[in-house]
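Below is one structure; the comments refer to it alone.
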Amino acid sequence: MATFRKRGDKWEYRVAYKDPFTQKHKLKSKSGFKSKKEAQLAAAVMEKELAEGFERIAPSLKEYLHTWLHEYKQGTIRKNTFDLHQANIKNHILPYFKNINIQELKPIMYQKFINHLFEKDYSRRTIEIIHTTMFNAMKKARTLNIIQTNPCEGVTIKGERKERTIQFIESEDIPVFLREAYQYGYIYWLFFKLLIETGIRKGEAAALQWSDIDLKQRTITIGKTLDFRAKSKEEVFGDPKTFNSKRSITISQNLAKDLQDHMKIQNKNKLAINDLYHHNLDLVLCRQDGNFIPKSSLFNAFSRILKKANIPSLPIHSLRHTHAVLLLESGADMKYVQERLGHGSIQITSDVYAHISKKIEKDAMDKFETYTKVLLE
């Protein structure tokens, strides 16, 4: 309930309320109103906000972002995503806004922050990623009634959006690549061949356990990814990139045969090494002792194999694109490609591979014209 008193020629309101957590009685007050009516209107707004759980003594942006990260995000998102949010806050957001109170952050101030990132020559994509962290944090603050509006809404991000280019190994170069991979190292050959034949991500492939593979039905179940930075065995396996990343895919008879042969080789290693083998990981694609292959080893091997095969430098992720291109070239429709790759929607798949499908369509029309030229003349 609010009470009012005149102090000099100004009015003050005092609102008593009970803290829902400590159950202690507290008091909020504000003075400086020209009339009692003005103080009454302000007090009514305060009482409404308190009833809705809106706390006027808001935390600093720094305090809130720490709470948002550790109370609302940690354990609900992938570790890599959490680390990205944490890095954006530590390296970009807090150094700029310092100790500002969260309620003092206004849209024009946030726009200046985004412009500041652009002036530091960050790419548009990098700025968008930082903006995503801040926008989501402020959206939650709005839901929690800590702020009344999201200051990140309506922001303009400068810079041209780069056209997405897809890198992949041309189909005629794949046999050469695999030949060089086999000579470089058997396990790398199998790892990269599996990526080309399935289109799964490198982390998904590295996390495959024998329980995920049904050689009789020729299926692979993808339900986790491997954290290459894990410091303990308990942290090795993490959730896949998205909900749609959890999927089951069919593999070729050829790949099933390769995996069956690999199982026999691996079983011999297990007997030879015995207690030194990492039996508990049960990994399919691993070192001879059963431990996972470090990311740096995969990157180095891939780079050297490409060089030996006289193929321009590419990221390992290009093998996922290589698989998608092979599917499209073989006549698979976009919906099948979407489900096999584990994309959230067919729109994502269509956007990524639009120019590839147009090229395939043009090549098909060129062949059609060549074939029918004599017939239709």
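Where a number appears in this text, it was derived from the coordinates with a stated rule and is not lab data. Remember, it's a predicted structure, so these values are computed and weren't measured experimentally. Positions of Cβ are generated from backbone atoms using ideal geometry, with glycine treated the same way; all protein chains shown enter the neighbour counts.
For the range 171-362, relative contact order (Cα pairs under 8 Å, six or more residues apart, normalised by length) works out to 26 percent. For the residue pairs K73/K139; K34/K98; K158/K224, alpha carbon separations beyond 25 Å are given by K34/K98; K158/K224.
Dipole check for the chain: with +1 at the C-beta of Lys and Arg, -1 at the C-beta of Asp and Glu, and the Cα centre as origin, the magnitude is about 1940 Debye. Note on D9, D212, D261: ascending count of other Cβ atoms within 10 Å places them as D9, D261, D212, the fewest first. As a proxy for reagent exposure, ranking I249, I114 by other Cβ atoms within 10 Å from fewest up yields I249, I114. Over all orientations, the range 169-247 has a Cα convex hull whose mean projected area works out to 6.7 square nanometres.
Farthest towards the positive end of the charge dipole of the chain, among the residues F299, A44, Q111, is the Cα of A44, using unit charges on the Cβ of Lys, Arg, Asp and Glu. Of the Cα atoms belonging to the chain, the radius of gyration and Dmax stand at 29.2, 103 Å.
Computed from Cα atoms, the angle from the helix 253-273 axis to the main principal axis of the chain rounds to 80 degrees.
Checking the Cα-Cα distances for K6/K30; K24/K48; K28/K140 against a 22 Å cut-off, the pairs over it are K28/K140.
Let me have the relative contact order for the chain, percent, based on Cα pairs under 8 Å that are six or more residues apart. Relative contact order here is 13 percent.
Principal-axis analysis of the Cα atoms of the chain puts helix 346-376 at an angle of about 40° to the longest axis.
In the chain, helices alone account for a calculated mean residue ellipticity at 222 nm of -15500 deg cm²/dmol, with every DSSP H run of four or more residues adding -39,500 (n - 2.57). Neighbour counting of Cβ atoms within 10 Å sorts the residues M334, M109, fewest neighbours leading, into M109, M334.
Principal-axis analysis of the Cα atoms of the chain puts helix 79-88 at an angle of about 50° to the longest axis. Straight-distance candidates among the lysines for linking to K268, with alpha-carbon spacing under 24 Å and chain neighbours fewer than 8 residues away dropped: K193, K216, K233, K257.
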